[in-house]
Amino acid sequence: MSFREGFLWGGATAANQFEGGYLEDGKGLSTADVMTNGSHTQPRRITYTMPDGTKGSQGAFPYDSIPDEATLEVHDDEYYPSHVAIDFYHNYKEDIAMFAQMGFNCFRMSINWGRIYPNGDDATPNEKGLEFYDKVFDELLKYNIEPVVTISHYETPLALANKYGGWLDRRVIGFYENYCRTIFTRYKDKVKYWMTFNEINIMDHMPVFAGGVRKADAQSKAQGAFHQFLASASAVKMGHEINPDFKIGMMTAYGSTYSLTCNPDDEILLMKSDQNRHFFSDVQCRGEYPAYKLKEYERTGVKLDIRDGDLELLKEGTVDYIGFSYYSSSVVTADESKKVTDGNMSTSVINPYLKASDWGWQIDPKGLRLALNRLQERYNLPLFIVENGLGALDTVEEDGSINDDYRIEYLAQHVATMKTAVEEDGVNLMGFTPWGCIDLVSAGTGEMRKRYGFIYVDKNDDGSGPMTRSPKKSFYWYKKVIATNGEDISNY
Ligand code: BGP
C-alpha cells in the first residue's frame, strides 16, 4: 500500500470563507469582514473611513497601505462575502454528514478568533463562541473525523487592526497567546492537529490579509512576521505543555519554481526566489533566521526589534510538521519582456509546457513531486498537503448533475504524484485535504463562481441563491479514493 495506514484524507476550509454568522452569538468583526468581493480582473478591496467621515478603500492585491488615521469599517453600500459565506454556522450538521458520506477521516477548518475574543484583547472569552466549536468538533468526532485546526486563517480581530495596527504591535503576541491557551485547554481532548497561521508567508504580499498589518513597507512586514514567528513558537511550546500529544504545524503557501532558461541570470533569480519561498519555513522549522535574510535586512535597512529571550523562543518552539498549500508552479526569468500570469496571491512568467486554470493558475502535478521532495530534503519533517485543488466554473445540468471531470482529472493527477513521491522517493506524507471540499468564497477574488468543491453550493457572486448543497461527480470519485486509501484514482 502506498499511503500509510491512518493516512489523513479529508478536505479544507477556513472560517471566514464558509462559516458566515458574522455577528452571531457575540462574534466580533475581523479583517475579512471588511473585504469586498472582486473578480479575476477586479481586486477585492478593504474598506475604511477617515476621521472626517470620508469613505475609502484599498485594493487587496497588489496592496499598498491604509492611512494610519483611517478606521477599517463595514460600509452599508458594499457587499462583503464573508458575512454570510455559505452559512456553515447554521448548516454544520448537514455539511459534516456529507463529509462523512465521502469517508473523510479528517477535516481542516479554522477557528474564528473573533468568535472567541470579539475584540482580540478582551479579558475573558466569549462562551457562546466556544460552544459553537464544541458542537462542531463533537459532530465531527461522532463520525470519527479528526479535526485539523488552523488557529488563524486570514482573519485578525478588526479591533486589533484598528487599535494596534495588527501584528505590527508586539502586544498582539500576548492576545494570541491568550486565545491559544483558551482553545488548547478547552479542546485538548477533541483536537490533536493544529496549525498556527495559515500561509504565514503571505505576510510578504498581503499584510492586512495575513495579520491586520496596515503598512506595506519592508520594515513593517518584517516586524509583523517576526511577531507571528514568536507567537507561533510560543503556541507550540504551550500546546505541548497542555497536551503532549498535540501535533502543531506551520502552514505555508508553496509551489515549485523553475527558471525559464539556463541563463545564469535566470538561475540566480531562481535561487533568490527559492530563498524567499523558504524563509518562513526556515525560521519555523529550524528555529533561526537564515543568513540570506539577515544580509537582506542589513542591505535594505530593516531593523527588527528583538528583545531578550526572543531568539531562544524561536529555537524552542519549532513546529512538529509542515502543512502547505500547493496549487501550481511558477517560473522566473531576468527577461522582463516575458508574459506573466496569475497564481495563488502571486504572479508568474508563463510556462510553455503547462496549461492554466480559468484563473490563470498554471497546473503542474509533477511540480508537487518536486515540492514534496524539496521540503523533505530541507527539513526532514512530516508533510501534510492541506490545500490543493482546481478553482473552476461548474455547470449544473438540467437533471441537477454536475459533471466536473476537469476537477477529477486535476486531483487524480496530484494524488498520483503523491503516490510516486511516497513510493519512489520515500517522502513522509501525513495526509491530504483538498481545498474548498464544499464550494465556498474565494480568498483571492471573493467570488463564489470559482469553485473547488466536491459539494456544490447554489450561491452566486452577488450573494443571491438558496445555498442548497448537492454532490458533484467528484464527490463519488473522492469517496472511492478514500475508501481504497488512494489506490483507485480512476474516473468511471
Ligand atoms: C489559499 C488560501 C485559501 C484559499 C485558497 C484558494 O491561499 O489559504 O484561503 O482560498 O488559497 O485561493 P482562492 O480562493 O483565491 O482561489
### Task
Order the peptides 268-274, 449-455, 142-148 from the highest to the lowest mean number of other Cβ atoms within 10 Å of their residues.
449-455, 142-148, 268-274
#### Entry: Candidate lysines - alpha carbon under 27 Å from Lys192, same-chain residues fewer than 8 apart omitted
Lys27, Lys93, Lys128, Lys135, Lys142, Lys237, Lys247, Lys315, Lys419, Lys479, Lys480
## Note on the structure
Taking the dipole of the chain about the Cα centre (Lys, Arg +1; Asp, Glu -1; charges at Cβ), the one of Pro466, Ile66, Val319 that reaches farthest to the positive side is Val319
### Message
Using Cα-Cα distances under 8 Å and only pairs 6 or more residues apart, what relative contact order does region 177-247 have, in percent?
### Response
42 percent
### Query
Given Trp9, Leu29, Ser39, which one lies farthest toward the positive end of the charge dipole of region 1-123, if we put +1 on the Cβ of every Lys and Arg and -1 on the Cβ of every Asp and Glu?
Trp9
### Heavy-atom accessible area order for His90, His414, His83, His240, largest first, 1.4 Å probe
His90, His240, His83, His414
#### Entry: For region 231-384: accessible area per residue (Å², 1.4 Å)
48 Å²
### Query
Dipole size in debye (nearest 20) for the chain around its Cα centre, Lys and Arg Cβ +1, Asp and Glu Cβ -1?
760 debye
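For the chain, what is the mean residue ellipticity at 222 nm derived from helices alone (per DSSP H run of n ≥ 4: -39500 (n - 2.57); sum divided by total residues; nearest 500 deg cm²/dmol)?
The per-residue figure over the chain is -11500 deg cm²/dmol.
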### Message
With an 8 Å Cα cut-off and a minimum separation of 6 or more residues, compute the relative contact order for region 235-372 in percent.
### Response
31 percent
### Query
Any idea what the dipole of region 221-271 comes to, in debye rounded to 20, about its Cα centre with Lys/Arg Cβ at +1 and Asp/Glu Cβ at -1?
300 debye
### Query
Hey, if we sort Glu127, Glu423 by accessible area with the 1.4 Å probe, largest down, what's the order?
Glu423, Glu127
### Task
Starting from the Cα of Lys142, step 7 Å along the direction of its Cβ; do the same at Ser65; then give the gap between the two resulting points in nm.
5.0 nm
### Message
Please list, by residue number, everything in region 150-182 whose backbone N is under 12 Å from a paramagnetic label point 7 Å out along Cα→Cβ of Arg307.
### Response
169-175
#### Entry: Accessible-area ranking of Arg45, Arg299, largest first, probe 1.4 Å
Arg299, Arg45
### Query
If you add up the charges near Asn201, with Lys and Arg at +1 and Asp and Glu at -1, over every other residue whose beta carbon is less than 14 angstrom from its beta carbon, what do you get?
-2
### Task
Compare the Cα positions of Asn198, Tyr406, Thr417 along the charge dipole of the chain (+1 at Cβ of Lys, Arg; -1 at Cβ of Asp, Glu; about the Cα centre) and return the one farthest towards the positive end.
Thr417
### Summary
Excluding residues fewer than 8 positions from Lys473 in its own chain, the aspartates and glutamates with Cα under 18 Å of it are Asp95, Asp394, Glu397, Glu398, Asp399, Asp404, Asp405, Glu409, Asp439, Asp458, Asp488
### Summary
For region 324-380, the dipole about the Cα centre with charges only on Cβ (Lys and Arg +1, Asp and Glu -1), to the nearest 20 debye, works out at 220 debye
### Message
Below 8 Å, C-alpha to C-alpha, sequence gap of six or more: please give me the relative contact order for the chain in percent.
### Response
17 percent
### Query
Based on DSSP H assignment, which helices of the chain show an axial Cα extent of at least 20 Å together with a mean Kyte-Doolittle hydropathy greater than or equal to 0.5?
none
### Query
If you take the square roots of the eigenvalues of the alpha-carbon gyration tensor of the chain and sort them as a ≥ b ≥ c, do you get rounded (a/c under 1.5), prolate (a/b over b/c) or oblate?
rounded
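Tally the DSSP beta bridges in the chain and give the antiparallel ones as a percent, rounded to 5.
Restricted to the chain, the bridges split so that about 35 percent are antiparallel.
The values are calculated or read from the model by the stated rules, or taken from the named source; none is laboratory data. Nothing here was measured: the structure is a model prediction, and the numbers come from that model. For neighbour counting, all protein chains shown are included, and Cβ atoms are generated from backbone atoms with ideal geometry for every residue, glycine included. To get the accessible areas, we keep the full protein, side chains included, count just its heavy atoms, and leave off ligands, DNA and RNA. Shrake-Rupley method; radii C 1.70, N 1.55, O 1.52, S 1.80 Å.
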